[in-house]
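Undergrad: Input: one structure, supplied below.
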Amino acid sequence: MLKGKVAVVTGASRGIGAAIACKLSSLGANIAVIYAGNNLAAEKVCQKCVENYGVKAKPYQCDVSDFEAVKQTMADIKADFGTVHILVNNAGITRDGLCAMMKEKDFAAVIDTNLKGAFNFTRNCIGLFLRNREGCIINISSVVGLTGNAGQCNYAASKAGLIGLTKSVAKELAPRGIRCNAIAPGFIRTDMTESQEENPLLAAVPLGRMGEPSDIAEAVAYLISANYVTGEVLRVDGGIAM
C-alpha cells in the first residue's frame, strides 16, 4: 500500500508515535523517526521497523518547537530519503494545572511543542509535497481540543489550535492534491496517561475501556488511504465525546 513512500512521524520514540511508525512501516513506508531526547528508544523503533518489515528507518533528534532545528532536520531527511510523502504531527507534552495557578512558561511550552511544532514540520514539508504533487498530513489532536478539560487549559488550547490548523491547511492545499486531517484520541494507554488509569471520566467511555496506541495507528492508516477525505477530525475515543 505504501511501498516507496516516505513518512515523517514526530514523537515517534514511544507510545502513539511508535505505534504509528510501526504500522506505516508494516504497509511498506520508509520512516523518519523524530524524537526529543530518548535516542535508545528511537533506535529500537527503527530497528523494529527494519527487521520486521524490511523498510528503511532512521531516527532524528529534533526540538519540534524550534523552527530552524526543524528546517535542518527536514533537510537531513531529504538528503537521506530523497523526499517525503506523509507527515504525522504527533509530538506532544503536558504541563497540567489549573489556569488560575498555571505558570506562563508551562502554557508556552505546551503551545510551542504541540501546536507550533506541528506548524514547523508542516511548513517545512509543504515544498516537498508540492514538488511531488501529492502529500498527506495527519495531526494528532485530542478530544479535549473539542470539549476542553479542567486543569488542561494549555493542552486543550494546543489541541484545539491543531484542529484549526488542520482545516486551514486542508483548504489551502486541497487544490494541489495535498490532504490534511486530524485525529482526536480519547483516553489512550501510554506513558503520558499512566496517571489517568483511575480517572473517574473513564467510567463515561461508552466502550468501557481505554484505547490502545494501535487504535490510533489504524486510524492514521485509514486517513492515508482515504483519498477523498480532507479537513476532517476523526474521533478515536470510545465514544466519550459524542
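Undergrad: Find the residue count for segment 104-143, including only residues that are in a strand (DSSP E or B) and either exposed (fewer than 15 other Cβ atoms within 10 Å of the Cβ) or aliphatic (A, V, I, L, M) (or both).
TA: Of the residues in segment 104-143, the ones in a strand (DSSP E or B) are 135-140.
Next, only the ones that are either exposed (fewer than 15 other Cβ atoms within 10 Å of the Cβ) or aliphatic (A, V, I, L, M) (or both) stay: 137-138, 140.
Result for segment 104-143: 3.
So that you can scan it fast, the table gives a plain yes or no per residue for (1) within 17 Å of Ile93 (Cα to Cα); (2) free of Cβ contacts under 8 Å to residues at least 40 places away in the same chain; (3) buried (at least 24 other Cβ atoms within 10 Å of the Cβ); (4) more than 14 Å from the chain's Cα centre (by Cα):
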| site | (1), (2), (3), (4) |
| --- | --- |
| Leu27 | no, no, no, yes |
| Ile34 | yes, no, yes, no |
| Leu40 | no, yes, no, yes |
| Gln47 | no, yes, no, yes |
| Asn52 | no, yes, no, yes |
| Asp63 | yes, yes, no, yes |
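Undergrad: Six or more apart or on different chains, Cβ atoms under 6 Å: show the pairs whose first residue is in segment 101-124 and closer than 19 Å to Leu173 by Cα and whose second is surrounded by fewer than 17 Cβ atoms within 10 Å (Cβ to Cβ).
TA: So the pair list comes out as Asn120/Phe67; Asn124/Lys71.
Undergrad: Going through Ala204, Ala221 one at a time, which residue ends up being aliphatic (A, V, I, L, M) and at pLDDT below 95?
TA: Ala204
Undergrad: Restricting to segment 71-103, what's the tally of residues that are within 23 Å of Val55 (Cβ to Cβ) and assigned to a helix (DSSP H, G or I)? Full working, then the answer.
TA: Applying the first criterion (within 23 Å of Val55 (Cβ to Cβ)) to segment 71-103 yields 73-91.
Filter once more, so that each one left must be assigned to a helix (DSSP H, G or I): 73-81.
Of the residues in that region, 9 qualify.
Undergrad: Next up: Checking the conditions here, which among Ile77, Ile163 is surrounded by fewer than 21 Cβ atoms within 10 Å (Cβ to Cβ), in contact with a strand residue (DSSP E or B) (Cβ under 8 Å, 6 or more places away or on another chain) and at pLDDT 95 or above? Steps first, please.
TA: On the way: Ile77 fails: surrounded by fewer than 21 Cβ atoms within 10 Å (Cβ to Cβ).
None of the others qualify; the one that does is Ile163.
Undergrad: In addition: Here are the criteria: (1) at pLDDT 95 or above; (2) aliphatic (A, V, I, L, M); (3) surrounded by 18 or more Cβ atoms within 10 Å (Cβ to Cβ). Tell me which single one Ala174 does not satisfy.
TA: Condition (3) is where Ala174 drops out.
Undergrad: Sticking with this structure for a sec: Quick one: would you say Gly238 is more than 23 Å from Phe129 (Cβ to Cβ), outside any strand (DSSP E or B), over 14 Å from the mean Cα position of the chain (by Cα) and at pLDDT 95 or above?
TA: Working: more than 23 Å from Phe129 (Cβ to Cβ): yes; outside any strand (DSSP E or B): yes; over 14 Å from the mean Cα position of the chain (by Cα): yes; at pLDDT 95 or above: yes.
In short, yes.
Undergrad: Considering only segment 150-160, I want to know if a residue exists there that is surrounded by fewer than 23 Cβ atoms within 10 Å (Cβ to Cβ), part of a loop (DSSP other than H, G, I, E, B) and without any contact (Cβ under 8 Å) to a residue 24 or more places away in the chain.
TA: No.
Undergrad: I've got another one for you. Being under 20 Å from the mean Cα position of the chain (by Cα), modelled with pLDDT under 95 and farther than 16 Å from Thr147 by Cα is the filter here, so list the residues in segment 177-201 that pass it.
TA: Passing the criteria: Ile188, Arg189, Thr190, Asp191, Met192, Thr193, Glu194.
Undergrad: Given the structure, is Ile20 of a type in the set (Val, Ile, Thr), within 25 Å of Asp237 (Cβ to Cβ) and surrounded by 17 or more Cβ atoms within 10 Å (Cβ to Cβ)? Talk me through it step by step, then tell me what you get.
TA: Working: of a type in the set (Val, Ile, Thr): yes; within 25 Å of Asp237 (Cβ to Cβ): yes; surrounded by 17 or more Cβ atoms within 10 Å (Cβ to Cβ): yes.
Yes: the conditions hold for Ile20.
Undergrad: Still on this model: Could you check Asn114 against (1) touching a helix residue (DSSP H, G or I) at 6+ places or on another chain (Cβ under 9 Å); (2) within 19 Å of Leu24 (Cα to Cα) and say which number it fails?
TA: Unmet for Asn114, out of (1) touching a helix residue (DSSP H, G or I) at 6+ places or on another chain (Cβ under 9 Å); (2) within 19 Å of Leu24 (Cα to Cα): (2).
The values are calculated or read from the model by the stated rules, or taken from the named source; none is laboratory data. Predicted model only: the values in this text are computed from it and were never measured. Cβ: placed from backbone, ideal geometry, glycine included. Neighbour counts: every protein chain shown.
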